[in-house]
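What follows is a short report on a single structure.
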There are 2 protein chains.
Amino acid sequence: MNRSKAIFYHAGCPVCRQAEDNLAKALDSSRYDLEIVHLGENKTRIAEAEASGVKSVPALVLDGTPFHINFGADLKALKS
Amino acid sequence: MNRSKAIFYHAGCPVCRQAEDNLAKALDSSRYDLEIVHLGENKTRIAEAEASGVKSVPALVLDGTPFHINFGADLKALKS
């Protein structure tokens, strides 16, 4: 079975880490191929996150659909 | 292995359904025992959700830690 793509975008903030350790890692790895992207360290991928509809971090994009999880930081704040 | 408790609180709204169909159902069922609670139909459980730190729906509580997923409705709006 092909696994679906899951991308967890974060910025290393405490809210981000809590979401990563709990929610992102709770995904069924037999069905989802999880990639974890630190947008503070990979600013070149901010545009990709925005194109998926991500407005803040932490966010989880499942099959292209963005889910914002609590609120850590606005994407705009990561661009500077 | 004992499974951890996961409770997905929603109110039947479109944002809620999208989160349920994608994110809640993406959890690893071998590790998480998922319960889905419609707070509009089970108002007696609003207090329990609030006690877990839930402020809006849809929200997923993993092992007692609340994660708000996007934004559908404020919990206050469900009390009336």
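The values are calculated or read from the model by the stated rules, or taken from the named source; none is laboratory data. Computed from a predicted model, the values in this text were never measured in an experiment. Quick reminder, even Gly has a Cβ in these numbers, built from the backbone with ideal geometry, and neighbours come from all protein chains shown.
Filtered by the rule that a residue be charged (D, E, K, R) and at pLDDT below 95, segment A:49-79 gives A:Asp63, A:Lys76, A:Lys79.
Considering segment B:47-73 alone, what residues qualify as being touching a strand residue (DSSP E or B) at 6+ places or on another chain (Cβ under 9 Å) and either β-branched (Val, Ile, Thr) or on the phi > 0 side of the Ramachandran plot (or both)? Steps first, answer last, please.
The first filter runs over segment B:47-73 and keeps only residues touching a strand residue (DSSP E or B) at 6+ places or on another chain (Cβ under 9 Å), leaving B:48-49, B:52-64, B:66-73.
Matches in segment B:47-73: B:Gly53, B:Val54, B:Val57, B:Val61, B:Asp63, B:Gly64, B:Ile69, B:Asn70.
Is it the case that some residue within segment A:39-46 is within 13 Å of chain B (Cβ to nearest Cβ) and either touching a strand residue (DSSP E or B) at 6+ places or on another chain (Cβ under 8 Å) or crowded, with 18+ Cβ neighbours inside 10 Å (or both)?
Initially, segment A:39-46 is screened for residues within 13 Å of chain B (Cβ to nearest Cβ), giving none.
No, there is no match, as no residue in segment A:39-46 is within 13 Å of chain B (Cβ to nearest Cβ) and either touching a strand residue (DSSP E or B) at 6+ places or on another chain (Cβ under 8 Å) or crowded, with 18+ Cβ neighbours inside 10 Å (or both).
In segment A:16-39, the residues that are within 17 Å of B:Leu60 (Cβ to Cβ) form Cβ pairs under 8 Å with partners that are in a strand (DSSP E or B) and among the basic types (Lys, Arg), at six or more places apart or across chains, as follows: A:Tyr32/A:Lys5. Looking only at segment B:1-48, filter to residues that are acidic (Asp, Glu) and under 12 Å from the mean Cα position of the chain (by Cα); which one of those is nearest to B:Lys79 (Cα to Cα)? Here the residue is B:Glu48.
Residues that are among the charged types (D, E, K, R) and modelled with pLDDT under 95: does segment B:4-15 have at least one? Checked segment B:4-15: no residue is among the charged types (D, E, K, R) and modelled with pLDDT under 95. Restricting attention to segment B:50-80 and to residues that are of a type in the set (Ser, Thr, Tyr) and more than 10 Å from chain A (Cβ to nearest Cβ), the residue that is surrounded by the most Cβ atoms within 10 Å (Cβ to Cβ) turns out to be B:Ser56.
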